[in-house]
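Just so it is clear, none of the values below were taken in a lab; they were calculated from the coordinates. For clarity, every value in this text was computed on a predicted model and none was experimentally measured. Cβ coordinates were reconstructed from backbone atoms using ideal geometry, including for glycine residues, and neighbour counts include every protein chain displayed.
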Amino acid sequence: VTANANVVSQLMESFRVAPSLSYGSRTSVPAELSVQNQYQYVGIPVRVGYQLASRGPWRVMALVGVNTDFFLRNTLAETVVNNPLGVSAGFAANNTTTSRTTVSEITGQQPSAFRTVGLSGILGVGVYYRVGSRWALAFEPTGQVALRSVTRPASQVRTLPVNLGAGLGLRYQF
């Protein structure tokens, strides 16, 4: 049995397990189980900045803050591929494999392994180019990490998502 996990983003985790299923005491049917776990949150960020440098129209700021994440939904999709000949799915003849996919969805109102509210820390840099007396073009690369697991303590899985992103926009200074 092999297993590996890849965290793609806060919205998706993939687990792949390739066990051998036994029927009775004599028959073994190689199968591959693929599980895709997608969870979605909406976040409300609160950030503060400290100006590090200023030269002409350019400004550079250090950004730090917190993000409150509200759980929206969790979608779990399982795909089982049965391969009675034990041949890799890429090399198997068309009639030797069968697959079945099961999809289930849990929303924020239903019991789930995920917490309904999470908290993440934000760290970033803001680079701004002033284009008027109060307007500036903004580029803000940021990193965000969960400050506690997004799953409940009773869950067998501990998940601490890490996100990297960049914002590009127009900033108005009051």
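A few remarks follow.
- Each residue, Phe70 and Leu119, gets one label point 7 Å from its Cα in the Cβ direction; the gap between the two is 1.8 nm.
- Only Cα sites of region 119-164 enter the Debye sum here, all with the same form factor; the resulting log10 I(q)/I(0) across q = 0.15, 0.25, 0.31 1/Å is -0.55, -0.86, -1.02, listed in q order.
- Segment Val127-Ala166, extension gain: residue separation times 0.36 nm, minus the distance between their alpha carbons: 12.9 nm
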